[in-house]
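The values are calculated or read from the model by the stated rules, or taken from the named source; none is laboratory data. All values reported here derive from a predicted model rather than from experimental measurement. Using ideal geometry, Cβ is built from the backbone for each residue, glycine included, and neighbour counts are taken over all protein chains shown. When the accessible area is computed, the model is the full protein with side chains, heavy atoms only, and any ligands, DNA or RNA have been set aside. Shrake-Rupley method; radii C 1.70, N 1.55, O 1.52, S 1.80 Å.
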Amino acid sequence: MFHKTAEIKVLRDPIHGYIHVEDQVIWDCINAKEMQRLRRIHQLGGDFQIYHTAEHSRFSHSLGVYEIVRRMVHEILELSQQLSEYEKIAVMLAGLLHDIGHGPFSHAFEAISRRKHEEFTRKIITEDSEIHATLQKVHPHLSDDVANIISGTHQNDLLNQIISGQLDADRMDYLLRDAYFTGTSYGHFDLERIIRTMRIVDQKLAVKESGIHSVEDYIMARYHMYWQVYLHPVARSYEGLIAMLFHRMRDLYCTKRDSLNEVSMFHPFLSGQETSIDDLFCLDEAAAYYGFSLLRTHEDAILRDLTRRVLDRDLFEYRTFTCEEDSEMIRERLRTLNYDERYYIFTDKAAEKLYSPYSRKDSGHNIWILCEDHRVRELSEVSDMVHAVCASPTKEERKVYFPKEVMMD
Ligand code: NI
């Protein structure tokens, strides 16, 4: 049922050394056009505006997740014995394809398209696409199984845990990869040791007690990466600005549609109607930036200005938001300076807890430690460090963003 490639394909990778492919269906999916499109989407959206080397793509991250899954299903003894060939292939494919539905600029784009990338991911895998045709040729149930693993609803929960648990292949790859490409000294942890100490107990992915320090390190890596990279206020400022630009475009689309004829790549997402896989396929970041370059000379002054800000990195300023009066004062100033409040101010709330055990319903997705007495315990019961962290309140920051000129004094 599953053909091997004529010889093992190896792809160089700065995080994993090499990525190994020996299954024809994996290789065919890598070469499908929907997968190749991910080369044109930045893994970290607009973060390269802050970390100038964060130019890596969702394509490399997807290959990295695939490689971690491949190693897990072959190197963790219980997985290699318990999973069938079909299940191994399905979960490796889920690793490879889990981000296939992403649009440009991640969240800013989701706000305008009003579609979550998860919806597009399922559509691409289960509906009319090269990926779907490739999976269909191998087995009639394969595309549904892959989509279910990605959404965490597959009947074999072990497969779901490998892709989206608290210590899953997706997070392990992006933390290491994003740390490497942003050039931060946070975000590193011992992936080798985590894989080597992973076991399966009662259908749960667990790490042996001897690997607990690498897990603690992973938790800290996650915390630092969130505050230093993912929730970085300047990164949020850039993303917010793009959201404002899309917002203005959407309003013009309703009132002066003809003025947007040149930027047809955005139309399907501005109309608020059902969008197709093809619409998404045509809108990668290269197309979006081309669209922006056309809008630089647009007749609408607001659209022109927001576009210029995005392209020339003239970002909004921010202040920590303490009370409603703060934002009222900024609004007052905006009005004095003739800025349209609808597009020149936004607030953002960032919150991240280091680690908190999920509710009982999802307990299969906690981090489990296999203790020396052979019992399995949840991480915070075994690690003093994680225990202390779980007891502390969630760190939260609210910020308000506005043009620099507003706060000249
Ligand atoms: Ni991912």
> Tell me, what is the 1.4 Å probe accessible area of Thr336, in Å² to the nearest 10?
Replying inline: 100
> When you take every Cα atom in the chain, what is the radius of gyration, and what is Dmax, the widest Cα pair distance, in Å?
Replying inline: 22.9, 72
> Among the listed pairs Lys116/Lys256; Lys88/Lys123; Lys123/Lys256; Lys116/Lys399; Lys256/Lys399, which are separated by more than 30 Å between their Cα atoms?
Replying inline: Lys123/Lys256; Lys256/Lys399
>> Under 5 Å between amide hydrogens, which residues at least 5 positions from Thr5 or on another chain qualify, with H placed 1.01 Å from N in the peptide plane?
In response: Asp23, Gln24
> Given R₀ = 22 Å, FRET efficiency for Arg12-Asp190 by Cβ-Cβ distance, to 0.05?
Replying inline: 0.55
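Given +1 on the Cβ of Lys and Arg, -1 on the Cβ of Asp and Glu, and no further charges, what dipole in debye does region 1-130 carry about its Cα centre, rounded to the nearest 20?
So the dipole magnitude of region 1-130 works out to roughly 380 debye.
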> Just the projected area, averaged over all directions, of the convex hull on the alpha carbon atoms of region 279-409: how many nm²?
Replying inline: 14.3
> Which percent of the accessible area of region 298-367 is formed by carbon and sulfur heavy atoms (probe 1.4 angstrom)?
Replying inline: 45
> Plugging the Kirkwood radius over Cα pairs into Stokes-Einstein for region 1-127, at a temperature of 10 °C and a viscosity of 1.306 mPa s, what D comes out in µm²/s?
Replying inline: 101
> Per residue, how much accessible area does the chain have with a 1.4 Å probe, in Å²?
Replying inline: 44
> Membrane-span-like helices in the chain: DSSP H runs reaching 27 Å or more (Cα, own axis), mean Kyte hydropathy at least 0.0?
Replying inline: 233-255
> Short version: ³J(HN,Hα) in whole Hz for each residue of region 15-25, in order, from phi by Karplus 6.51 cos²θ - 1.76 cosθ + 1.60 (θ = phi - 60°), x for Gly and Pro, what are they?
Replying inline: 8, 9, x, 9, 10, 10, 10, 10, 9, 4, 5
>> Tell me the Kirkwood radius of region 220-358: reciprocal of the mean inverse pair distance over distinct alpha-carbon atoms, in Å.
In response: 17.2
>> Projecting each Cα onto the charge dipole of the chain (Lys/Arg +1, Asp/Glu -1 at the beta carbon, about the Cα centre), which of Tyr223, Tyr238, Tyr174 comes out farthest on the positive side?
In response: Tyr238
>> Using a 1.4 Å probe on the protein heavy atoms, what percent of the accessible area of region 105-168 belongs to carbon and sulfur?
In response: 48
>> Given the options Tyr318, Thr347, Pro393, identify the residue whose Cα lies farthest towards the positive end of the charge dipole of region 314-409 (+1 on Cβ of Lys, Arg; -1 on Cβ of Asp, Glu).
In response: Pro393
>> Quick check: pseudo-label points 7 Å beyond the Cα along Cα→Cβ at Glu119 and Met1, how many nm apart are they?
In response: 3.3
> Debye sum, Cα scatterers, region 100-212, no solvent: what log₁₀ I/I(0) at q = 0.09, 0.11, 0.20 1/Å?
Replying inline: -0.34, -0.51, -1.15
> Of all DSSP beta bridges in the chain, what percent run antiparallel (nearest 5)?
Replying inline: 90
>> Please compute, for the alpha-carbon atoms of region 133-266, the extent along each of the three principal axes and give them in descending order in Å.
In response: 63, 45, 21
>> Keeping all protein chains in place and using 1.4 angstrom, which order do Lys395, Lys4 fall into by accessible surface area, from largest down?
In response: Lys4, Lys395
>> Can you classify region 166-226 as rounded, prolate or oblate using the Cα gyration tensor, where a ≥ b ≥ c are the square roots of its eigenvalues, rounded means a/c under 1.5, and otherwise it's prolate if a/b beats b/c and oblate if not?
In response: prolate
